[in-house]
Each structure stands twice: as structure tokens, then as C-alpha cells.
Ligand code: PMP
């Protein structure tokens, strides 16, 4: 059978034979998706889906301006950044301009995992130490170092017990559930700060403190007010660097700010970026201060064959141009604000909705069986996502308890599409899943 005529089932069998099955797929019986346009995906039975999940595709699917720019650049030149050409310079300058003045030096890589790996190595090189403090319920990547600091138990139940000895964890700063709720969440910062001071006193002063400055993996939650100010101060007091992993939350998605750390009023020493930066093209970056970047030389050699290539650089520049021309951050603020209000209203009628996290087009609807005990509605969330798919909406669970809807659509989402999503969720919660 020619591949385009093959059934979803046959293709799935071939996938499971040839493609390592540890690389999972969404849905038990996945639709075969071969096309996308703006906030929509289309399967091979010509069924359209509203894509409320694809945070990487920040511009939307199939953007013609991006695809033309890539096509032109591939015809002209693609090589590595040891050659001298303009786009790698322009992209580095544009990224640095988006950040506070002291973050002036850029590395270009191909993924978030690589960016986090490099950020940790910069901290090791700068401080001459290896210990790192990470927060619980975090995902930072799959390479040795980025996996070491990934503490989420959603896919790896033994994550907390199996970290290498140089990784130390502090509680997830989750103000909805966990040790400190609501107002009490202000205790997370001083607790983490005290742990960092204690590690230093034991001879394990951390090279770095690393976290998402807005808690993406936990479901799109703001950190408690003052959290990063307190923890960054404690880290710097013992000579460590503060790394902000903006791979998921940065790049305008929050609407109010371009970067997550801006919401906390701090400036990190090292920022990691990927995902949205390439709209799905493999592209990542580490942005830091000149002296931290220079410290890498003491460790040896840095070269990424495709990092900052002419094609990747043109992708990075074009994504930023389109975001500006289409006012996508402002759209995230407006449509995200509207969607959040509508989801909060839904929560007034459906007790399963414990709360709605997030801001801009980074939202999380958390399902609980009981609003007092906050018992996670994990099985319900999986079933709701399946049912939403039947109704034409792509959605998946997130968080360590897999009870939060991961609402991170392309930033071109419209008010109408937000309404379609709310109506579908309302139907599922009203008529059952
Ligand atoms: N950091 C964060 C916060 C992430 O969400 C991810 C990806 N989910 C990564 C790092 C790793 O990025 P990548 O998949 O591009 O390697």
C-alpha cells in the first residue's frame, strides 16, 4: 500500500516496529495528522481539530512567511556557524536585545535539553563546583545533565530517588497544593533559601539554582510572590548562578511579559530558550553574561554543527518578525485573559474544576475530586482528554498528578476558537466522559 493510503492502524504497527516505543504517542488510537493550519490540525480522514496543546508552534501551523523564508535560505546556503554570515549575528543581537543589558552573550543550540545542559556546564565552569539545586515536579530535558535535574514523577515514578548525588531538590513552589497553600505559599522561598545555605555549610555550595520562572510543568502556575528574589539572593550569597529555564514559558506566551522571570522582578545569570524560538524547527539558545560565557573555555571546546546555522538563524529571526508583525504577545494577553475568565466561570458550574492556573495563553485547568482534600482527578482528566479529542479538540494532561489540562495553544488563537474549546469542555463536564 502506498504510504498515503495506509490506515492509521497499519502505520501504528510500523511505528511500533521501527521507532523506539519509549518515544510515546498521544492517544491509544491516534488520528493520523499530516497537515496543520494556524490553530488547527487535520487528520487523513479530513477531520479538523482545534490544537490547544502545541506550545512549540507559537505562530500556528503552516505559517507561509516562515516556510518561504526557510525555503529561500535552503536554496541559498546552509552551513555551520564557524563560517561568517550575517543571520547568526543578527539573531544573537536580537535575542540579547530582548533581555536585560547584562545578558549580552548568546550560544545557539538545537533544543531545550541542549540549552539546559549547556547552562549547567557554564555554572560548573564558572564556579568550579558541581552541586545543583533544582525544584521538584520539574522537567528540563533528556540529556545526562538536563535529565539529572528533572524531578517530575509523572513519567518517572522513581525520579526523586534516582538523581545523581550532585542534584539537590527543594519543594515544588506550588501554591495550590503541597505543604504550603494560598497565603502560606510565601514560605516556599525562605525554605529553599535555608536549604541552599545549609548545603553551603555542609561543603556543598551549589554551582547553580535552576527552575522554570513560571511553573510550566506543574500546570502553568505563577511562583509565589518574591520566590525568585529570595532564592536567587540565597544562591548568589554562596557564589552560585541562577538559571531560568524559559524553554516552555518564555517568548511572549504569558502575554503580560515576554519572559517568565520578568513577572518575578529578577534578572537571572543564565537563561535557556528553545521550543517557541524555532516554532518547531530545532533551535535553542543560552543567553548569559560575557564572563560566564568565557568561563566555558576552561572546560574545553564548544561547537554545535547545526546550532546557529544559516537556516536556523533565519528561522529564529523570522519567528521574531512574525511575532512582532502579528502582535502575538498582545493576542496571548487578550485571548488568554478572555479564555481564563470563561474557564473560571465554568468552574462555578462544575465542581470537578478545582482551579484555573496561569496567565496569557499558558493556562491549566486542575481537576479535583474534592475541593477540600484536593484529591487529584487523574483518571477523569485522561478520559476528558479522550472525549475532547472525539469532539475535535487536542488536549493532554500535565503535572506530577496528571490532573491538569495543559492549555498552551498557538498564540494566534482567536476568540471564536477559545469559545469552541470552552463549549466542548462544558459539554464533556455536563454530559460525561
Ligand atoms: N525545559 C523545559 C521547561 C521543557 O518544558 C522542555 C521540553 N518539554 C525542555 C527543557 C527540553 O526541551 P527539548 O524537548 O527541546 O529538548
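No lab work stands behind these numbers, since they all come straight from the coordinates. Because the structure is predicted, anything quoted here is derived from the model rather than measured. Note: ideal-geometry Cβ built from the backbone for every residue, glycine included; neighbour counts use all protein chains shown.
Take the Cα of residue 229, step 7 Å toward its Cβ, do the same at residue 350, and the gap between the two points is 3.7 nm.
Once the Cβ-Cβ distance of residue 202 and residue 65 is raised to the sixth power relative to R0 = 51 Å, the FRET efficiency obtained is 0.40.
Converting the Cα gyration tensor eigenvalues of segment 166-310 into ellipsoid dimensions via √(5λ) gives semi-axes, longest first, of 27, 22, 12 Å. At an R0 of 45 angstrom, the distance between the Cβ atoms of residue 415 and residue 160 translates into a FRET efficiency of 0.60.
Taking 0.36 nm per residue of sequence separation and removing the Cα-Cα distance, the residue 14/residue 79 pair yields an extension gain of 20.0 nm. Its alpha carbons give segment 64-325 an Rg and a Dmax of 18.3, 58 Å. Its DSSP H runs of at least 4 residues, each contributing -39,500 (n - 2.57), put the calculated 222 nm mean residue ellipticity of the chain at -11500 deg cm²/dmol, to the nearest 500.
Name the most mobile residue of 379, 93, 28, meaning the one with the largest mean-square fluctuation, in a Gaussian network model of the chain with Cα contacts below 10 Å. Among 379, 93, 28, the largest GNM mean-square fluctuation belongs to 28. In vacuum, with every alpha carbon of segment 1-90 counted as one equal point scatterer, what does the Debye formula give for log10 I(q)/I(0) at q = 0.21 Å⁻¹? Two decimals, please. Calculated log10 I(q)/I(0) at the listed q: -1.08. Semi-axes of the equivalent ellipsoid of segment 40-177 are 33, 26, 14 Å, computed as sqrt(5λ) over the eigenvalues of the C-alpha gyration tensor in descending order. Once the Cβ-Cβ distance of residue 325 and residue 301 is raised to the sixth power relative to R0 = 45 Å, the FRET efficiency obtained is 0.70. Extension gain, residue 21-residue 37: 0.36 nm per intervening residue step, less the Cα-Cα distance, totals 2.9 nm. Remark: spin-label model distance residue 142-residue 372 equals 4.4 nm, labels positioned 7 Å along the Cα→Cβ axis.
By other beta-carbon atoms within 10 Å, ranking 403, 385 with the fewest at the front produces 385, 403. The label-point distance for residue 334 and residue 183, in a model that sets each label 7 Å from Cα toward Cβ, rounds to 3.8 nm.
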